[in-house]
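Asker: Have a look at this one before I ask anything.
The values are calculated or read from the model by the stated rules, or taken from the named source; none is laboratory data. Every value quoted in this text rests on a predicted model; they were computed, and no experiment measured them. Because the Cβ atoms are built from the backbone with ideal geometry, glycine has one as well, and the counts that use them run over all protein chains shown. Remember, those area values only see protein heavy atoms, side chains included, never the ligands or the DNA or RNA. Shrake-Rupley method; radii C 1.70, N 1.55, O 1.52, S 1.80 Å.
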Amino acid sequence: MLNDTLSSPWALAFLPDGRMLITQRGGGMVILSADGASKTPVSGVPAAHVAGQGGLLDVALDPDFATDPWIYFSYAEGDASAAGTAVGRARLVGNTLQGFERIFQQLPKVSGGAHYGSRLVFRADKTLFVTLGERDKKTPAQDLAGHLGKVVRIRRDGTVPPDNPASLKGGGLDQLWSYGHRNPQGAALHPATGELWLTEHGPQGGDELNRVPAGGNHGWPLVSYGCDYGVSTPNCEIGGGTHAPSYVEPVSRWPAPGTPTPSPSIAPCGLMFYTGDKFPEWQGHAFVGALAGTALWRIALSGNAETGRERLLASLGQRIRDVRQGPDGWIYLLTDSGRLIRVYR
């Protein structure tokens, strides 16, 4: 354990010198020293709408941060009557954010405090994926005229790449990459294919690890391996559970196939593919944090198929919010209790 003095931490990004930039849902950012011994507040952070699950969320460094120090962050924007997820950027100069600009806002803004998403992932072409929850409204996840329950892909200045999936543009929004999502709170690029993968919160059960192809419909709220809240009858999977061929079938899911339903959710949050040299036997495996499940899950893969899974660190009893590979090859976890944990041997 490196540090236990963080306030409701949400996301972690490693700076080029090994220090860690951490967002706190209550609205602040801090820079933690590489050894975790000291932290410095970041000034100039714009205000976020802090209510329910909303606040300051993910953070990512610009692909060219070393020469032009832009950082990107997602946050809840609005008020109690109408809010949504937004993305802003600013330059990190010392411990100060300068030149803030909002580059994306989720529309429509709606009432309620749940399901903001949101993770930020840069592709190799330096375009930005943004995962967006459906704000607990369900059906808008299938509506291509809005951003709720979608993944969008934008350029660094917020403009739209011309090669986003054409199948989603007819009557929709040019930013859209995929749809039918509930509350995706983990995202990463597959190290071999460069494809976007994400983790998805289900209702009662139905949590998913997904490969996210361009134009894909992931089915929510029409189909889920989970059950509606309040339903307790066996075999209550929404829409029968099975996604394919109409929708994108999850690569992995919780509960595991064969588990009686309804089943509690693990609430997956944070996603990482391991590429370091400290755990060579885990090369290419996916790691998923769990909030309600208070553990770290390791998913072994062969191509796009799961070949095994392991529940790790359950004895800690920690709600794991983010999981990242450090520049030293170890695995770093952020927990809701304010801890930064390094997994090493």
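Asker: Of all chymotrypsin sites (Phe, Trp or Tyr not before Pro) in the stretch 262-345, which ones are in loop regions per DSSP and have a Cβ with at most 13 other Cβ atoms within 10 Å?
Answerer: Y344
Asker: Let me ask another. Roll a 1.4 Å probe over the protein chains and send me the accessible area per residue for the chain in Å².
Answerer: Details: 12900 Å² over 345 residues.
The answer is 37 Å² per residue.
Asker: Based on the alpha-carbon gyration tensor of the stretch 1-48, what equivalent-ellipsoid semi-axes (square roots of 5 times the eigenvalues) come out, in whole Å, largest first? Mind dumping the intermediate values first?
Answerer: On the way: eigenvalues 60, 30, 16 Å².
So the three semi-axes of the stretch 1-48 are 17, 12, 9 Å.
Asker: Out of G52, G180, G206, any idea which swings most in a Gaussian network model of the chain, alpha carbons joined below 10 Å?
Answerer: Comparing G52, G180, G206 in the GNM, the peak value goes to G52.
Asker: Please list F65, F100 from largest to smallest accessible area, probe radius 1.4 Å, with all protein chains kept in place. Before the final figure, lay out each step's value.
Answerer: Numbers: F65 30, F100 85 Å².
If we order F65, F100 from most to least accessible, we get F100, F65.
Asker: How far apart, in nanometres, would the label points at R102 and A47 be if each is projected 7 angstrom from Cα along the Cα-to-Cβ direction?
Answerer: Each label point lies 7 Å from its Cα, and together they span 1.3 nm.
Asker: May I pose another question? Alpha carbons only, please: Rg and Dmax for the stretch 208-345, in angstrom.
Answerer: Values for the stretch 208-345 (Cα only, Rg and Dmax): 16.0, 48 Å.
Asker: So which cysteines in the chain don't have a second cysteine's C-beta under 4.7 Å from them?
Answerer: C269
Asker: While we're looking at this one, here's another question. Once neighbouring chains are kept in place and the probe is 1.4 Å, which whole percent of the accessible area of the stretch 92-241 is contributed by carbon and sulfur? Numbers along the way, then the final one.
Answerer: Values: 2670 of 5330 Å².
The computed percentage sits at 50.
Asker: Okay, moving on. Based on the Cβ-Cβ distance of A80 and E195, what FRET efficiency does E = 1/(1 + (r/R0)^6) give at R0 = 35 Å, to the nearest 0.05?
Answerer: Values: r = 38 Å, r/R0 = 1.08.
Given R0 = 35 Å and the Cβ-Cβ separation, E is 0.40.
Asker: Compute the normalised compactness of the chain: alpha-carbon radius of gyration over 2.2 N^0.38 Å, N being the residue count.
Answerer: Values: Rg = 18.8 Å, N = 345, 2.2 N^0.38 = 20.3 Å.
Against the empirical 2.2 N^0.38 Å value, I get 0.93 for the chain.
Asker: Moving on. Give me the count of lysine pairs in the chain whose alpha carbons sit under 30 angstrom apart, restricted to pairs 8 or more positions apart or on different chains.
Answerer: 15
Asker: ³J(HN,Hα) across the stretch 71-88 via Karplus (A = 6.51, B = -1.76, C = 1.60, θ = phi - 60°), whole Hz, x for Gly/Pro?
Answerer: Using θ = phi - 60°, the values come out as 10, 10, 8, 9, 7, 7, 10, x, 8, 5, 8, 7, 8, x, 7, 10, 10, x Hz.
Asker: On a full-extension model of 0.36 nm per residue, what is the gain between R123 and E281, subtracting their alpha-carbon distance, rounded to one decimal in nm?
Answerer: 54.3 nm
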